[in-house]
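Below is one structure, written out as structure tokens; the observations come after it.
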Amino acid sequence: MELAMENYCKWELDQTLVKEVRGWLAEGNGKGFDHFKSRLKFGTAGLRARMGPGLDQMNTVTVMQATQGVLRHIEGKLGPENGASRGIGIAFDSRHNSEVFAAVTATICLRRGFKVLFHDTPVPTPILAYTAKLRSTAAAIMITASHNPKEDNGYKLYGEDACQIIPPDDVAIQKLIEENCEPWSDYSDASVDSVTSHRLC
């Protein structure tokens, strides 16, 4: 448990959340530890949860891990070269942290060698699905929690058909997330500017 929390503190970009977790560690806070006992489950709607620290909430660590699992899934289904060349569509809504989560997602994709079709301002979810279909991307990722309360955020995945994923892909992605928890590369510089200036974007 403590190792998972220490790793979280190394990987989380939001220092307010890091400070909170370090406080739990120092105090032996059992309630805080609960956020590391299980992780968010990736379903056909992707991820959706309250924003906050831990493996069971939406933050830059759970977004990073989800993205690595999704990329592994795409590479397995389409082949690494085909998946990377077709690329990923990525967009976000106007919720708190949506832009940050989208930039982290795009940064991980780009550093894996995937082309990225990135919407650098908030757009409605159907716009992403339409542009992904038009450009025949390997997948599309929308950072949104739709109608959920403002404290929530989410990570919605569309397949190469620009439709929401269906079983058993969700189960396969969840397994790959769990197998790819450690960051493949540094993403601490993730920003809309660094994404849009990248040669693969």
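Values computed for the structure shown
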{"read-out": "With every protein chain in place, segment 6-137: carbon and sulfur % of accessible area (1.4 Å)", "value": "51"}
{"read-out": "Residue with peak Gaussian network fluctuation, the chain [Cα springs, cutoff 10 Å], from Ile90, Ile166, Ile143", "value": "Ile166"}
{"read-out": "Cα gyration tensor category, rounded, prolate or oblate, for segment 1-77 with a/c compared to 1.5", "value": "prolate"}
{"read-out": "Residue with peak Gaussian network fluctuation, the chain [Cα springs, cutoff 10 Å], from Gln15, Gln68, Gln174", "value": "Gln15"}
{"read-out": "Three-way shape call for segment 19-133 based on the alpha-carbon gyration tensor, with the a/c threshold at 1.5", "value": "prolate"}
{"read-out": "Over segment 91-201, volume per residue of the alpha carbon convex hull, in Å³", "value": "115"}
{"read-out": "Value of relative contact order over the chain, rounded to a whole percent, pairs C-alpha under 8 Å and six or more apart", "value": "25"}
{"read-out": "Estimated translational D of segment 156-201 in µm²/s (Stokes, Kirkwood radius over Cα pairs; 10 °C; 1.306 mPa s)", "value": "119"}
{"read-out": "Set Lys115/Lys156; Lys31/Lys150; Lys41/Lys77; Lys77/Lys133; Lys115/Lys150; Lys37/Lys150 screened for pairs whose C-alpha atoms are more than 27 Å apart", "value": "Lys115/Lys150"}
{"read-out": "Per residue, in Å², the accessible surface of segment 39-107 once ligands and nucleic acids are set aside, probe 1.4 Å", "value": "31"}
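The values are calculated or read from the model by the stated rules, or taken from the named source; none is laboratory data. Not measured: the values here are computed from a predicted model. The area values use the complete protein model at the heavy-atom level, side chains included, leaving out ligands, DNA and RNA. Shrake-Rupley method; radii C 1.70, N 1.55, O 1.52, S 1.80 Å.
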